[in-house]
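First comes the structure, then the notes that go with it.
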Amino acid sequence: MSEGAAPTPQQSPAPAPAPYRYRGGGVCDCARCSRRGLLGPTVLITVGVVFLAGQLLHSVGFGELWPIILIVIGVVKLLESTASTEGHRG
Ligand SMILES: [Zn+2]
């Protein structure tokens, strides 16, 4: 009469996988690449704000406010160019 399988020797547990971290679709998570990923969402938000302002403030429209989009793009590019590339991959 057997009492079950013999106990197996203790094995060290496998190392836990690194936690998932979203990198904005790229392979690099340095400061410069992270700021580069802000350009698209920032422009979309700005376009939305410009159209909303055109709806709410009937005295101004997209024709008067569109340069704000260029300013926002410039600010994001400036932040991107001054960011550190330490840890940049790719
Ligand atoms: Zn990078």
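Here, each number is a calculation from the coordinates, and none is a lab measurement. Just so we're clear, the structure is a prediction, and the values are computed from it rather than from any experiment. Heads up, the Cβs are rebuilt from the backbone with ideal geometry, glycines too, and the neighbour counts pull from every protein chain shown.
Measuring r between the beta carbons of VAL60 and GLU86 and using R0 = 41 Å, the FRET efficiency lands at 0.45. The dipole here belongs to the stretch 25-90: it is taken about the Cα centre, uses +1 on the Cβ of Lys and Arg and -1 on the Cβ of Asp and Glu, and is about 160 debye.
The phi-based Karplus calculation (6.51 cos²θ - 1.76 cosθ + 1.60; θ = phi - 60°) puts the 3J(HN,Hα) values of the stretch 58-74 at 6, 7, 10, x, 4, x, 8, 9, 4, x, 4, 4, 5, 5, 5, 4, x Hz, whole numbers, x for Gly and Pro. Maximal additional length on extending the VAL47-ASP29 stretch stands at 3.8 nm, based on 0.36 nm per residue less the C-alpha distance. Relative to the 2.2 N^0.38 Å rule of thumb, the stretch 31-81 has a C-alpha radius of gyration ratio of 1.27.
Local charge for VAL76 was computed over the other residues whose Cβ lies under 13 Å away, with Lys and Arg +1 and Asp and Glu -1, and equals +3.
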